[in-house]
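Below you'll find the structure, written out as structure tokens, and then a few comments.
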Amino acid sequence: DVCSSDLHGSAAPLTDAELELVYVGWLREGRIGGIRLVRGLTDRPASDEGVQNGDFGRQAVLKPFDWTYRIGAGVLTEPTVDDLDGRTPALRVWYDGRSSAPLASQLLTLDPGDYVLTGRRRLEDGELRLDWRVVCLESGQAVSQPSDGEEARPGAPWGGFSVRVSIPAQDCTAQRLELAPRPADFRQASTAWFTGLALTRSSLTRCSRSG
């Protein structure tokens, strides 16, 4: 186990590799409260950044707070560079319209309260059947609303979107931010791009956890 001297005492602090082992091991064991505690004590990764690497660039992020991407039959999810300008980091998602498992996800440790997830998206082709959502890790309950923003049309330029998120005070110690597909009854391939994801407190918030 990790003690406080390992984090802030006279001994050398944990390296990133060591801290990753703690986080990943505790997540596997369901020790979510411990993950929150250690992250709060070390601020690694920075807890004031709601989304880690929301631009999908080459930023190094400690696991399991980094992105997990799905690649397999009917799905190709990859961080790359926008092919319109050749410079902007973005997430490119090719989806055949059938899979139901999340295509990209990362671990969050948000306090109870109301948040807004914002970002930019564009649809290269097909129909946009992908939604960003936040799910409580303990209960599996989705705590986000459908996204707001202009309808994504094939070939249209980048456009903004927002998702309202409300974290309950119970059974939601940690969460997952997921890109969730809405499967169709038949194969309907599409290609979508996302970048600039950020989570901020909304004007209406509840009290944070104490202790």
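What full-extension length gain, to one decimal in nm, is calculated for Arg28 and Arg164 as 0.36 nm per residue of separation minus the Cα-Cα distance?
Contour length minus the Cα-Cα distance gives 46.1 nm.
Going from the alpha-carbon gyration tensor of region 79-162, what semi-axes, largest first and in whole Å, does one get by taking the root of 5 times each eigenvalue?
Numbers: eigenvalues 124, 46, 37 Å².
They are 25, 15, 14 Å, listed from largest to smallest.
So what does the Cα-only Debye profile of the chain read at q = 0.07, 0.09, 0.15, 0.17 Å⁻¹, as log10 I(q)/I(0), no solvent term?
Treating every Cα as an identical point scatterer, log10 I(q)/I(0) equals -0.23, -0.38, -0.99, -1.21.
Identify the GluC sites (Glu not before Pro) of region 109-157 meeting these criteria: DSSP loop state and at most 12 other C-beta atoms within 10 Å of the C-beta.
Glu150, Glu151
Using only the alpha-carbon atoms, how far is helix 32-42 inclined from the longest principal axis of the chain? Give it as 0 to 90 degrees, nearest 10.
80 degrees
Heavy-atom accessible area per residue, the chain, 1.4 Å probe: how many Å²?
52 Å²
Within region 5-139, what whole-number % of the accessible surface is contributed by carbon and sulfur, with the 1.4 Å probe and all protein chains included in the calculation? Intermediate values should be presented prior to the final figure.
On the way: 3200 of 6450 Å².
Answer for region 5-139: carbon and sulfur cover 50 percent of the accessible area.
So how far apart, in nm, are the two label points at Asp85 and Arg153 if each is 7 Å from Cα heading toward Cβ?
Modelled inter-label distance: 2.2 nm.
Most mobile of Leu14, Leu197, Leu110 per a Gaussian network model of the chain (Cα springs, under 10 Å)?
Leu14
What's the angle, to the nearest 10 degrees (0 to 90), between helix 16-29's Cα axis and the longest principal axis of the chain?
It is inclined by approximately 80 degrees.
Take the Cα radius of gyration of region 114-211 and divide it by 2.2 N^0.38 Å, with N its residue count; two decimals is plenty.
Numbers: Rg = 15.2 Å, N = 98, 2.2 N^0.38 = 12.6 Å.
Against the empirical 2.2 N^0.38 Å value, I get 1.21 for region 114-211.
State the answer as a single residue: which of Thr80, Ala46, Thr118 lies farthest towards the positive end of the charge dipole of the chain, with beta carbon charges of +1 for Lys and Arg and -1 for Asp and Glu, about the Cα centre.
So the residue we want is Thr118.
Assuming a ≥ b ≥ c are the square roots of the Cα gyration tensor eigenvalues, decide whether region 39-101 counts as rounded (a/c under 1.5), prolate (otherwise, with a/b larger than b/c) or oblate. Display every interim value, and only then the final one.
On the way: a/c = 3.25, a/b = 1.54, b/c = 2.11.
Because a/c hits 1.5 or more and a/b fails to exceed b/c, region 39-101 counts as oblate.
For the chain, what does the helix formula give at 222 nm: sum of -39500 (n - 2.57) over DSSP H segments with n ≥ 4, over the residue count, nearest 500 deg cm²/dmol?
After summing the helix terms and dividing by residue count, I get -4000 deg cm²/dmol.
The values are calculated or read from the model by the stated rules, or taken from the named source; none is laboratory data. All figures in this text were calculated on a predicted structure; none of them were measured in a lab. Counting neighbours? That spans all protein chains shown, and the Cβs are built from the backbone with ideal geometry, glycine included. Just the protein is used for accessible areas: all its heavy atoms, side chains included, with ligands, DNA and RNA removed. Shrake-Rupley method; radii C 1.70, N 1.55, O 1.52, S 1.80 Å.
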